[in-house]
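Reviewing the structure listed below.
Since every read-out is calculated from the coordinates, none of them should be taken as a lab result. Bear in mind the structure is a predicted one, so any value in this text is a computation, not a measurement. With ideal geometry, Cβ positions are generated from the backbone for all residues, glycine too; neighbour counts draw on all protein chains shown.
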Amino acid sequence: MHSPTVRRALERDLAGAGEVSVEAFVGDGHTRPDSPYVDLLRDAARRDREAEVLVAVDDAGAVLGCVTFAPGGTAWADVAGPGEGEIRMLAVGAAARGRGVGRALVAAAIGRSRELGLAGMAFSTRPSMTAAHRIYDALGFVRTPGRDWSAAPGMDLWVYTMRF
């Protein structure tokens, strides 16, 4: 089995990235199917216009997973400050799980932060997203409870950070 190719999304990838995002967030029970957040998940084209969508693709070009990357202080950065990069909406399709796709996407976001000369990263995750937490821990991110926040009543978010 080959490692996925991770790169900035091309226009042809955006519909697949949106569908993988919805599949992961709704399918894993992190987002209700009737939530307005589903529209943001599906609209990878908007995310790519306003931030950067990175995709993992297989040899045939099928989107296996994606993540939105945003420098701190931009519209898609919730918790990253100046000098930090942030990831949002890390998603891996069910069929691609266990193949290193999530790890490759997060590693690419770290690389992107470094390319931009940022000093580190900060991002939010739900406490229930334990598979993602394993990736973050393995790559050297640290839970930073002092930066935890709530996006809405009952939607508590943990923050992970990394310094370069």
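As a summary of the residue check, Ser3 satisfies the conditions (1) of a type in the set (S, T, N, Q); (2) more than 24 Å from Thr74 (Cα to Cα); (3) within 16 Å of the chain's Cα centre (by Cα) except for the one numbered (3). Checking Gly29, Gly72, Gly81 one by one, the residue that is of a type outside the set (Ser, Thr, Tyr), farther than 20 Å from Arg103 by Cα and out of contact with any strand residue (DSSP E or B) (no Cβ under 9 Å at 6 or more places or on another chain) is Gly29 and no other.
Test of understanding: among Val38, Val26, which residue is touching a Pro at 6+ places or on another chain (Cβ under 6 Å), surrounded by fewer than 20 Cβ atoms within 10 Å (Cβ to Cβ) and assigned to a helix (DSSP H, G or I)? If you could, list the steps in order and put the result at the bottom.
Values: Val38 fails: touching a Pro at 6+ places or on another chain (Cβ under 6 Å).
So the residue among Val38, Val26 that is touching a Pro at 6+ places or on another chain (Cβ under 6 Å), surrounded by fewer than 20 Cβ atoms within 10 Å (Cβ to Cβ) and assigned to a helix (DSSP H, G or I) is Val26.
Out of curiosity, is Arg126 under 16 Å from Gly65 (Cβ atoms) and of a type outside the set (A, V, I, L, M, F, W, C)? If you could, list the steps in order and put the result at the bottom.
Numbers: under 16 Å from Gly65 (Cβ atoms): no; of a type outside the set (A, V, I, L, M, F, W, C): yes.
Here the answer is no, as Arg126 does not meet what is asked.
Cβ-Cβ contacts under 6 Å between residues 6 or more apart (or on different chains), taken from a first residue in segment 107-131 that is more than 15 Å from Met155 (Cα to Cα) to a second residue that is assigned to a helix (DSSP H, G or I), are listed as Met121/Ser113.
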